[in-house]
Amino acid sequence: MKNKIGFIGLGNMGIHMAKNLIEAGYHLQVHNRTLSKADELDQAGITKCQTPAEAAAGVPIVITMLSEDEVLRESVTGPDGILKTLQPNAVHISMSTISPETAVELAKAHEQAGSHYLASPVFGRPEAAAAKKLFICVSGPQQVKDIAKPVLDCLGQAIHDFGEEVGGANVVKIAGNFMIMASMEMMAEAYTLAEKNGLDRTQVANFFGSTLFNAPIYQNYGRLIANKQYEPVGFKAKLGYKDARLAFKLSQASYTPMPLVNAVHSRLLSAVAKGLGDRDWVEGFGRGVSEDAGL
């Protein structure tokens with residue numbers, strides 16, 4: 001019982017997280033809409049489940065890594081949702097980017113069912129998930145965090161606590177993704193400006209990434225944007241657009257003027273409209289700015 005947990009969502013991030021949990025000695029009851037994705041996992045370390053309810057049955061902890069609020073809500077409260085089978089006092093660790101409103105809604109549903117909900121969104125691309133280098137943000141009751149910590153320690157390099165209000169970590173995640181999007185727009189514009197004025201955009205990116213903007217976002221995303229390297233797909237543009245919508249909605253609800261939210265929202269909407277929704281969000285910014293500049 002102690003080493004058996006549920007895991008729902010084997011996308012670009014979830015598949016690596018599941019592998020790390022298996023390596024750490026956990027047996028996973030896994031569910032994914034395309035269940036064949038589980039074939040990439042060590043079969044001795046998993047039990048394939050047809051529904052979220054089946055994945056949550058008889059385990060003390062279930063993790064979800066699902067991309068949309070609606071999908072997560074259905075996986076929790078729907079006819080085959082985890083609340084149908086989750087045992088009393090079990091913990092649901094929700095690790096994807098969702099709105100704080102949805103987090104509060106689901107936390108209440110868990111409370112009514114006698115189980116617990118922990119907001120635990122993460123920062124990092126698939127390669128960071130594979131290397132156990134995710135930054136994990138948590139918010140919710142302290143006793144729930146204590147239960148979740150041994151599992152979360154297997155997935156990331158640090159856990160950052162943002163209080164007991166369950167939606168707090170989700171606000172941090174939305175704010176952080178907005179900052180990444182705004183940085184990509186800025187880099188794409190700056191490096192395109194350099195290119196149009198006869199400079200090597202890669203040299204310019206390397207200079208800024210090692211001096212004024214010596215930080216992982218500007219080094220890693222800056223390299224991809226400067227080199228126009230849009231594969232492999234780590235995070236889809238349509239999911240970035242979803243996150244931009246979340247940031248816009250949160251800014252409106254809290255009466256927070258955020259002009260740059262409008263800019264990144266439009267950039268990603270344009271990418272999706274051009275058929276690039278399943279491409280990396282880096283391409284949405286890099287190619288979008290280059291095309292606007294006639295390159």
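The values are calculated or read from the model by the stated rules, or taken from the named source; none is laboratory data. Given the structure is predicted, the values throughout are model-derived calculations rather than measurements. Glycine gets a Cβ as well: all are built from the backbone with ideal geometry, and neighbour counts include every protein chain shown. Surface accessibility is based on the protein's heavy atoms, side chains included, excluding ligands, DNA and RNA. Shrake-Rupley method; radii C 1.70, N 1.55, O 1.52, S 1.80 Å.
Once the whole set of protein chains is in place, how much accessible area is left on Y117, using a 1.4 Å probe, in Å² to the nearest 10?
10 Å²
In vacuum, with every alpha carbon of region 14-169 counted as one equal point scatterer, what does the Debye formula give for log10 I(q)/I(0) at q = 0.09 Å⁻¹? Two decimals, please.
Treating every Cα as an identical point scatterer, log10 I(q)/I(0) equals -0.25.
Hand me the tally of lysine pairs in region 120-233: alpha carbons under 18 angstrom apart, and the pair either on different chains or 8 or more positions apart.
Summing the qualifying lysine pairs gives 5.
On the protein heavy atoms, probe 1.4 angstrom, tell me the percent of accessible surface of region 54-172 carried by carbon and sulfur.
54 percent
What is the Cα coordinate range of the chain on the first, second and third principal axes, sorted by size from largest, in whole angstrom?
63, 44, 35
Could you pull out which residues in region 157-176 have an amide N less than 11 Å from a spot 7 Å beyond the Cα of Q142, following the Cα-Cβ vector?
Residues 164 qualify, since their backbone N sits under 11 Å from the label point.
Let's see if you can work this out: charge +1 on each Lys and Arg Cβ, -1 on each Asp and Glu Cβ, no other charges. What is the dipole magnitude of the chain about its Cα centre, in debye to the nearest 20?
Magnitude of the dipole: close to 200 debye.
Rounded to the nearest 10 Å², what accessible area does T202 show when all protein chains are kept and the probe is 1.4 Å?
40 Å²
Would you tell me the accessible area of F248, worked out with a 1.4 angstrom probe on the heavy atoms of the protein chains, in Å² to the nearest 10?
Here the residue's solvent-accessible area equals roughly 70 Å².
Please compute the per residue accessible area over the chain with all protein chains in place, 1.4 Å probe, rounded to a whole number of Å².
On a per-residue basis, 45 Å².
Please arrange E127, E54 by accessible surface area, largest first, computed with a 1.4 Å probe and ligands excluded.
The ranking, largest first, comes out as E127, E54.
Past 18 Å, Cα to Cα, is the threshold; run K19/K242; K242/K274; K4/K48 against it and keep the listed order. Walk me through the numbers on the way to the answer.
On the way: K19/K242 27 Å; K242/K274 16 Å; K4/K48 13 Å.
Cα-Cα > 18 Å for K19/K242; rest within.
Any chance you could check the Cα centroid distance between region 258-279 and region 37-74 for me, in angstrom?
30 Å
Computed FRET efficiency, Cβ-Cβ of Q157 and V104, R0 30 Å: what is it to the nearest 0.05?
0.60
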